[in-house]
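To start, the structure under review is shown below, and the notes come after it.
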Amino acid sequence: MEIKPEKKEKFYSLPVEDIIQKYRTSYDGLSSTQVRRLQMEYGENKLSAGHHKTYLEMFIEQFKDFMIIVLLAAALIAGLIAHEWTDAVIILAVVILNAIFGVFQESKAENAIEALKNMATPKARVKRDGDIQEIDSTDLVPGDIVVLEAGDIVPADLRLYETSTLKIEESSLTGESIPVQKLGTTITEPNVALGDQKDMAFSGTNVTFGRGTGIVVSTGMNTEIGQIASMISENDDTTTPLQRNLSQLGKVLTYIILAISALIFLIGMVKNDANWIDMLIVAISIAVAAIPEGLPAIVTIILALGTQKLSKRNAIIRKLPAVETLGSTDIIGSDKTGTLTLNQMTVEKVYTDRQLLDSDVGLDQQDMTLRIMNFANDSQIQADGTLLGDPTETALIKFGQKNDFFIQDELKITPRVNDLPFDSDRKMMTSINQFGDNAYLVMTKGAPDEILKRCNQYLQGNELHDLTEEDQKDILDVNNDLAKQALRVLGFAYKVIDEMPSPINSDTIENDLVFAGMVGMIDPERPEAKAAVAEAKQAGIRTIMITGDHQVTAQAIATRLGIISENANEAVISGSQLSQMSDEELDQNVEQYSVYARVNPADKVRIVKAWQSKNKVVAMTGDGVNDAPALKAADIGIGMGINGTEVSKNASDMVLADDNFATIVHAIKEGRKVFANIQKSIQYLMSANLGEVLTLFVLTIMGWDILAPVQLLWINLVTDTFPAIALGVEPTEKGIMKEKPRGRNSTFFSGGVFPAIIYQGIIEGLITLGVYYWALNFPVHTDYAMIHHDAQTMAYVTLGLIQLFHAFNVKSFSKSIFQQNIFANKTFNWAIVVSLILLGVTILVPGFNQMFHVTQLNLSQWGVVVLGGILMVVIVEFVKLFQRVFSRKGN
Ligand code: ATP
């Protein structure tokens with residue numbers, strides 16, 4: 001059902017002049033004073049965000065966790081039935097502390113995700129005070145004049161009044177995925193459905209082709225999309241596949257641990273004849289201690305912190321899973337222009353009159369090549385002379401100015417009456433200008449090979465000649481020579497017509513042209529790109545260049561950047577060769593190619609799929625509207641913040657704020673670090689849990705004093721949490737970019753983490769039990785109960801200390817703690833100090849020690865306890881040493 005706003009005006013049937021008057025605007029746009037007033041009146045142009053949870057709501061939600069409910073029940077039993085009020089209060093305090101941590105983690109993660117959203121504000125091109133400006137689309141007001149281009153997301157509801165082959169895909173509103181041809185002429189029928197309002201452009205829809213201009217008629221929640229509430233619901237991108245995998249594992253673990261707890265309960269009851277309430281509380285504490293309920297939250301927080309780091313390095317994450325996937329990237333498919341190169345074009349060579357010239361040789365203002373490059377050009381010249389637009393085009397305007405050719409003046413005599421905008425499938429664009437009553441000049445510029453296909457004559461010495469195959473070959477040879485020098489080559493052609501064909505499209509216009517000339521433009525490589533390609537290579541990541549540019553230019557630049565070696569012709573393939581290959585053939589041969597030239601955006605999808613069929617994780621860049629499918633198909637779609645279209649940014653998982661290839665490699669490095677740090681947290685927490693369960697299990701079987709529930713809960717829910725989070729912000733380990741990618745199917749437990757959890761958990765348990773055993777055999781007291789009480793205290797302190805020591809072990813999976821700067825992570829140092837204090841308070845502060853059921857230890861007992869902690873480091877150091885020696889031998 002379509003929800004219609006009440007009394008919404010039928011803007012589509014109002015004459016444009018009426019709308020102009022209604023909003024007191026003009027074709028030159030609003031004035032800045034008007035804009036300020038209207039912004040006050042209408043507010044920001046954005047859809048109001050969904051409901052934000054308050055802290056209280058978040059807090060209450062923490063108590064919905066099954067284990068927490070069980071714990072609360074335990075507190076109740078302890079208090080009401082067993083009259084252990086101190087236990088009840090402490091359990092309650094632990095639960096509340098845990099909930100506060102939960103809220104802290106959740107809000108931190110949410111803030112980070114919110115910040116990301118704000119960073120990706122879409123832009124709009126608007127005419128104000130007579131000038132075209134690029135502004136945040138949130139600043140638009142009704143009455144603004146907006147210019148649309150292929151690749152834009154329509155920023156507000158617009159009444160169009162000028163269009164050039166404008167097509168808009170409106171599936172988000174109408175469900176219709178075929179783009180609609182839009183027109184600037186007023187619709188006269190009285191009642192027209194949304195999909196047929198061809199003189200309107202609606203907020204949130206995608207411009208797929210052409211150009212258009214319109215007046216903003218509604219913004220924000222007043223737009224059509226704003227009226228459809230369900231569209232606003234945010235998609236749930238906040239959990240990652242590995243996180244889901246982890247919570248699934250968590251569920252299985254929960255059942256296993258519940259079974260173990262039940263077993264401990266039974267053994268305690270039957271064998272040790274314990275009080276059932278005490279035993280029940282112990283069993284519940286074990287379950288709470290061992291079930292890794294906090295892990296998914298810790299993973300989210302580490303991922304979210306990762307996104308903040310990344311954004312500081314110009315990589316803006318739009319979807320959280322990208323952080324996780326980044327680290328596993330095997331292949332980077334990158335565009336050339338603007339990503340590997342600077343997209344700062346300068347004309348170096350001109351080929352006109354069938355002669356190749358240096359760019360500093362002055363050209364005659366009547367030179368046809370010079371004229372076409374300026375006329376068939378969409379750059380905007382601002383009042384102050386600055387140039388706005390595609391660098392390829394502005395370079396040509398600058399070249400014109402250098403030769404005293406000023407297009408603004410020329411357009412007054414020969415105005416543009418129509419055009420066919422550029423698209424990367426045709427690889428050309430055309431301007432049609434009028435120079436007499438029935439005389440039009442069609443001027444086309446584009447890829448020379450494509451242009452030549454549409455020419456049958458050439459211009460030399462003001463005369464037209466037939467274009468023979470020989471001539472074509474000569475011209476293409478010049479093109480090749482220029483391309484070999486890594487120049488980007490554009491060709492120019494024209495024709496004169498006396499009648500406008502109908503319809504006006506590429507087939508009716510871009511044919512029977514006269515070839516005029518070419519230019520070769522230099523677009524320097526980004527200085528840091530070569531090093532980044534090399535760094536990626538060392539990390540086992542392959543860089544592939546995919547470009548619309550000419551094969552020879554692409555090869556020359558790829559060689560300079562180290563993507564391919566000198567004369568590696570077999571690694572280069574053109575779009576036309578690619579189109580002759582079946583998908584199966586491409587799958588088989590994909591590893592051979594590193595450079596794809598003159599490809600269409602649709603080919604990118606095939607390349608992504610071919611690599612994915614080899615089980616590789618593919619990151620792919622894209623900037624144009626047609627790149628959106630490839631960006632979606634890739635494991636990580638990478639959009640361009642500066643030169644990318646809004647549609648492509650919207651389809652990507654990550655946007656580069658600086659369009660720079662090197663940023664991708666940095667981001668992968670950061671992604672690897674984040675993944676490694678998550679593994680550290682998991683390894684730390686899970687080995688601790690295992691150690692605890694093991695200790696308790698054996699103590700129960702032996703019939704010894706089990707750790708008090710409050711002791712267990714304190715270690716597990718309070719002191720462990722800080723080091724676990726702090727491990728998530730460990731600095732990047734050296735050599736992280738010397739390892740191979742971890743593989744598509746890896747999980748947080750891959751790379752030896754699972755066995756590490758097991759053996760380290762067992763050692764933690766054994767040391768704790770060892771200390772308990774020592775206390776029994778070298779008692780300070782004579783009283784049996786006191787001896788056990790001491791032993792229990794020592795086991796508690798040992799377990800706590802071991803974990804703080806073990807946190808240092810976990811900092812590197814294979815490196816010794818002596819091979820690293822173990823105090824480099826300030827957060828970690830503080831976490832250890834805080835945890836140490838929290839542990840110390842329960843033992844050393846009078847009053848607390850009673851609540852926590854601990855005795856006073858003497859010096860030798862302290863000595864043993866600390867030795868236990870140190871032993872944990874010594875043993876793990878030995879294991880790491882063996883691993884290092886073993887892996888060196890294995891290599
Ligand atoms: P990449 O795909 O690496 O970004 P690219 O910019 O060359 O490279 P496209 O934008 O698809 O890729 O352009 C393809 C070809 O179309 C270019 O090589 C050039 O010959 C031609 N071309 C590019 N921009 C224009 C333009 N504004 N007008 C006319 N032709 C153009």
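The values are calculated or read from the model by the stated rules, or taken from the named source; none is laboratory data. The structure displayed is predicted, hence computed values, not measured ones. As a convention, Cβ positions derive from the backbone with ideal geometry for all residues, glycine included, and neighbour counts pool all protein chains shown.
Considered as a group, the residues in the range 638-675 that are surrounded by fewer than 23 Cβ atoms within 10 Å (Cβ to Cβ) and of a type in the set (A, V, I, L, M) include one that is farthest from Leu727 (Cα to Cα), and that residue is Ile642.
Okay, residues lined up against (1) crowded, with 21+ Cβ neighbours inside 10 Å; (2) assigned by TED's automatic domain parsing to the domain that holds Thr325; (3) touching a helix residue (DSSP H, G or I) at 6+ places or on another chain (Cβ under 8 Å):
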position	(1), (2), (3)
Gln588	no, yes, no
Gln592	no, yes, yes
Asp603	no, yes, yes
Ser613	no, yes, yes
Asp623	yes, yes, yes
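Give the residue, chosen from Glu525, Glu535, that is within 14 Å of the ligand (Cβ to nearest atom) and either over 22 Å from Ile664 (Cβ atoms) or touching a residue at least 40 places away in the same chain (Cβ under 8 Å) (or both).
Values: Glu535 fails: within 14 Å of the ligand (Cβ to nearest atom).
Result: Glu525 is the single residue among Glu525, Glu535 that is within 14 Å of the ligand (Cβ to nearest atom) and either over 22 Å from Ile664 (Cβ atoms) or touching a residue at least 40 places away in the same chain (Cβ under 8 Å) (or both).
Only residues that are modelled with pLDDT of 95 or more and more than 10 Å from the ligand (Cβ to nearest atom) were counted in the range 417-433, giving 3.
Could you list, in sequence order, the residues of the range 426-457 that are of a type in the set (A, V, I, L, M, F, W, C) and part of a strand (DSSP E or B)? Spell out how you get there, then give the answer.
Taking the range 426-457 first, the residues of a type in the set (A, V, I, L, M, F, W, C) are 428-429, 432, 435, 439, 441-443, 447, 451-452, 455.
Correct list: Met428, Met429, Ile432, Phe435, Ala439, Leu441, Val442, Met443, Cys455.
Only one of the numbered conditions (1) touching a residue at least 24 places away in the same chain (Cβ under 8 Å); (2) within 16 Å of the ligand (Cβ to nearest atom); (3) buried (at least 20 other Cβ atoms within 10 Å of the Cβ); (4) not acidic (Asp, Glu) is not met by Ile397, and that is (1).
Got a sec? Which of Lys632, Lys649 is basic (Lys, Arg), without any contact (Cβ under 8 Å) to a residue 60 or more places away in the chain and not assigned by TED's automatic domain parsing to the domain that holds Met872?
Details: Lys649 fails: without any contact (Cβ under 8 Å) to a residue 60 or more places away in the chain.
The match here is Lys632.
Within the range 610-625, work out how many residues are farther than 17 Å from Thr339 by Cα and either part of a strand (DSSP E or B) or of a type outside the set (A, V, I, L, M, F, W, C) (or both). Lay out the reasoning, then the answer.
The initial filter retains those residues of the range 610-625 that are farther than 17 Å from Thr339 by Cα, namely 610-617.
From what's left, either part of a strand (DSSP E or B) or of a type outside the set (A, V, I, L, M, F, W, C) (or both): 612-616.
Selection size over the range 610-625: 5.
Return the residues of the range 347-396 that are over 41 Å from the mean Cα position of the chain (by Cα), within 16 Å of Gly446 (Cα to Cα) and of a type outside the set (A, V, I, L, M, F, W, C); say none if nothing qualifies. Within the range 347-396, Tyr351, Thr352, Thr369, Arg371 meet the criteria.
One residue stands out among those in the range 568-604 that are at pLDDT 95 or above and within 16 Å of Ile332 (Cβ to Cβ): the one that is farthest from the ligand (Cβ to nearest atom), which is Glu591. Somewhere in the range 42-49, is a residue closer than 30 Å to Ala124 by Cβ, assigned by TED's automatic domain parsing to the domain that holds Gln133 and assigned to a helix (DSSP H, G or I)? Scanning the range 42-49 turns up at least one residue that is closer than 30 Å to Ala124 by Cβ, assigned by TED's automatic domain parsing to the domain that holds Gln133 and assigned to a helix (DSSP H, G or I). Within the range 611-621, the residues that satisfy the criterion of being more than 9 Å from the ligand (Cβ to nearest atom) and closer than 21 Å to Ala558 by Cα are Trp611, Val618, Ala619, Met620.
Within the range 745-787, can you find the residues that are touching a residue at least 12 places away in the same chain (Cβ under 8 Å), of a type in the set (Phe, Trp, Tyr), farther than 16 Å from Met702 by Cβ and assigned to a helix (DSSP H, G or I)? Answer for the range 745-787, where residues must be touching a residue at least 12 places away in the same chain (Cβ under 8 Å), of a type in the set (Phe, Trp, Tyr), farther than 16 Å from Met702 by Cβ and assigned to a helix (DSSP H, G or I): just Tyr759. Filtered by the rule that a residue be away from the ligand (no atom under 16 Å from the Cβ) and in a loop (DSSP other than H, G, I, E, B), the range 538-567 gives Ala539, Gly540, Ile541, Gly562, Ser565, Glu566, Asn567.
Yes or no, residue by residue, for (1) within 16 Å of the ligand (Cβ to nearest atom); (2) of a type in the set (A, V, I, L, M, F, W, C); (3) part of a helix (DSSP H, G or I); (4) closer than 24 Å to Phe422 by Cα:
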position: Arg606; (1), (2), (3), (4): yes, no, yes, yes
position: Ile638; (1), (2), (3), (4): yes, yes, no, yes
position: Ile664; (1), (2), (3), (4): yes, yes, yes, no
position: Ala667; (1), (2), (3), (4): no, yes, yes, no
position: Ala676; (1), (2), (3), (4): no, yes, yes, no
position: Gln683; (1), (2), (3), (4): no, no, yes, no
position: Ala688; (1), (2), (3), (4): no, yes, yes, no
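Looking at the range 734-748, which of the residues that are at negative phi and modelled with pLDDT under 90 is surrounded by the fewest Cβ atoms within 10 Å (Cβ to Cβ)?
As a first pass, look at the range 734-748 and keep what is at negative phi: 734, 736-742, 744-748.
Pick out the ones that are also modelled with pLDDT under 90 and you get 734, 744-748.
Numbers: Lys734: 12, Arg744: 15, Asn745: 8, Ser746: 17, Thr747: 16, Phe748: 22.
Filtering the range 734-748 for residues that are at negative phi and modelled with pLDDT under 90, the one surrounded by the fewest Cβ atoms within 10 Å (Cβ to Cβ) comes out as Asn745.
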